[in-house]
Structure formats: structure tokens, C-alpha cells
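The values are calculated or read from the model by the stated rules, or taken from the named source; none is laboratory data. What you are looking at is a predicted structure, and each value in this text was computed from that prediction instead of being measured. Heads up, the Cβs are rebuilt from the backbone with ideal geometry, glycines too, and the neighbour counts pull from every protein chain shown.
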Amino acid sequence: MTGRVEVTGAWAGRLRRAAPALRTVAATLAAAQAAPALTALPGLRGCCLPGLNGGVGAGRVALTFDDGPDPESTPWFLAVLAEHSVRATFFVLGSMLDRSPHLGRRIADAGHEVAVHGWDHRNLLLRGPVATWRELARTHELVTRVTGREPRFFRPPYGVLTGSALFAARRLDLRPVLWTCWGRDWTRTATSATVYDTVRAGLGPGGTILLHDSDCTSAPGAWRSSLGALPRLLAECRRQGWSVGPLGEQRAAAR
């Protein structure tokens, strides 16, 4: 009995001495998980990690859409893009693609690029390494199966990257991409005019536009504001002499 008490006491002492080191390790792991989320700040991203903005060349603009495919709204965007002979990159949610695989095939068959936005729209700061890996891998597999092409790009929900997401993306050969300008088109008060003005204020050569082709995580009907702004945005890019296209094509042309 005495021996067991002595052993227990010895281990308790060792644990007490190791506690500071364990706290340091835990803090380091937490920082590694959360630190990439700072790239959601446009100023920091543009200064320190400009590649996250898309990395397309001067005179080029990448057009991207998030949160689809949505049978109610995505076909309208496809029609406008076809009318203007413009292709784009669609960052899809796996849960949405799983419900409408025919629409995912339609996007790819029209020459658009299909990329990974995650399985659902949860903030990845709230997801652990295993859950993050499963979510990205599951979406990657579904995109590949539906479109017949492996996706090349990944945009995290809310633009919030984590250490786990970067690790999973690297294993899946996915390049993380955020944006240079957005339309704030997910709000209840958005209109085609506000979306156009907001995008235009931050748009320039080499930029990456973020719009939404679904309101599954936005105010009901919000997608109509983006749809209404899209022709004006494409016309403005033409007026400026900027080529508009999907991320992969614009990056390849820049190289």
C-alpha cells in the first residue's frame, strides 16, 4: 500500500513539474491552428501574402462565386455568363453539390471551374483537425466524381483559414484562395447598385471578385442583388480592358 502511494506521489510531482511545458505546447498548438485566420484581414493579406488574393496577372480579373450550386439561383448566373461569353470559378459546398449533382456537371460542362468551399458553411475555427480533413476530403472527392476533374482551389467559409485547413488543403493539392473585393451581397439590404459599387470600389487589374450564386447562408433572395450587378461588372471590366475568367485560367495566362 505504501509503495503505491509513493509511486502515485512521484507521478503527481512529475506532472506538476511538467505542467508549464504542457501549457506551452497547448498554447503553441492553439496558435498554429488560429494564426492563419489573420489572413482574413485584407490589409495584412495584401501586404504579407498577396498570393492568397488569387495571384492573377495585371490586366486580368478572376471571377468567383461561393455557396452553390443552387437550383433556384445558379442557372440564372450561368445564363448571364453564357450571354457574355465569360467563364468563372464556382466554390461549391459539398452539401449543396450532393443535392444537385446534375447542376455541378452543368457548371463544369459549360467550361467553368469547380472548386472546394467545404462541405457546409461552418467556421473552421470551430472544427478540429480530423473534422476539417474529413470535410475537405469529402468535398474534394465529390467534386472529382461529379465533374470528372480534380479541383485545384479551396476557399474556406467566411474566408477564415486555420492550421488544420492549410494542412488538409496541402495533402489534397488544393491552393487556398480568398479575394481582393466582394459585393457584400449576402445582406438583406443589398441591391444590385450596392453590390456593383462595393465591388467596383476595390476592383483593379489582377483582382479576384467574390460574389454568391446562392443564398443558402445569406438573407433570402440576396442572390438577386449579385445577379443584377453582374452584367454591369462585366461591362466595366471590358471598358477597362481587363480579361475576366476563372482562377486557373487567369493564373496560367499570367505565368
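Looking only at the range 29-50, decide whether some residue is within 19 Å of Gly248 (Cβ to Cβ) and either modelled with pLDDT of 85 or more or surrounded by fewer than 20 Cβ atoms within 10 Å (Cβ to Cβ) (or both).
For the range 29-50, residues within 19 Å of Gly248 (Cβ to Cβ) and either modelled with pLDDT of 85 or more or surrounded by fewer than 20 Cβ atoms within 10 Å (Cβ to Cβ) (or both): present.
Screening Leu174, Leu210, Leu234 for residues that are under 22 Å from His84 (Cβ atoms), of a type outside the set (Gly, Ala, Ser) and crowded, with 22+ Cβ neighbours inside 10 Å leaves exactly one candidate, Leu210. The single condition among (1) exposed (fewer than 15 other Cβ atoms within 10 Å of the Cβ); (2) of a type outside the set (Gly, Ala, Ser); (3) not in a helix (DSSP H, G or I) that Phe90 does not satisfy is (1). Exactly one residue out of Leu126, Leu103, Leu136 is farther than 30 Å from Val80 by Cα and of a type outside the set (D, E, K, R), and it is Leu126. Considering every residue within the range 213-226, establish whether at least one is in contact (Cβ under 8 Å) with a residue 60 or more places away in the chain, under 17 Å from the mean Cα position of the chain (by Cα) and under 16 Å from Ala88 (Cα atoms). Yes: one or more hits.
Taken over the range 237-255, the residue count meeting the criterion of being crowded, with 20+ Cβ neighbours inside 10 Å and polar (S, T, N, Q) is 1.
From Ala88, Ala82, Ala115, grab the single residue that is more than 28 Å from Thr162 (Cβ to Cβ) and modelled with pLDDT of 95 or more. First the steps, then the outcome.
On the way: Ala88 fails: more than 28 Å from Thr162 (Cβ to Cβ); Ala115 fails: more than 28 Å from Thr162 (Cβ to Cβ).
After applying the criteria, what remains is Ala82.
Would you point out the residue of the range 52-81, among those that are surrounded by fewer than 24 Cβ atoms within 10 Å (Cβ to Cβ) and small (Gly, Ala, Ser), that is nearest to the chain's Cα centre (by Cα)? Among them, the one singled out is Gly55. Within the range 91-125, the set of residues being of a type in the set (A, V, I, L, M) and more than 16 Å from the chain's Cα centre (by Cα) comprises Leu103, Ile107, Ala108, Ala110. Checking each residue in the range 213-231 for being surrounded by fewer than 22 Cβ atoms within 10 Å (Cβ to Cβ) and closer than 17 Å to Val61 by Cα picks out only Pro231.
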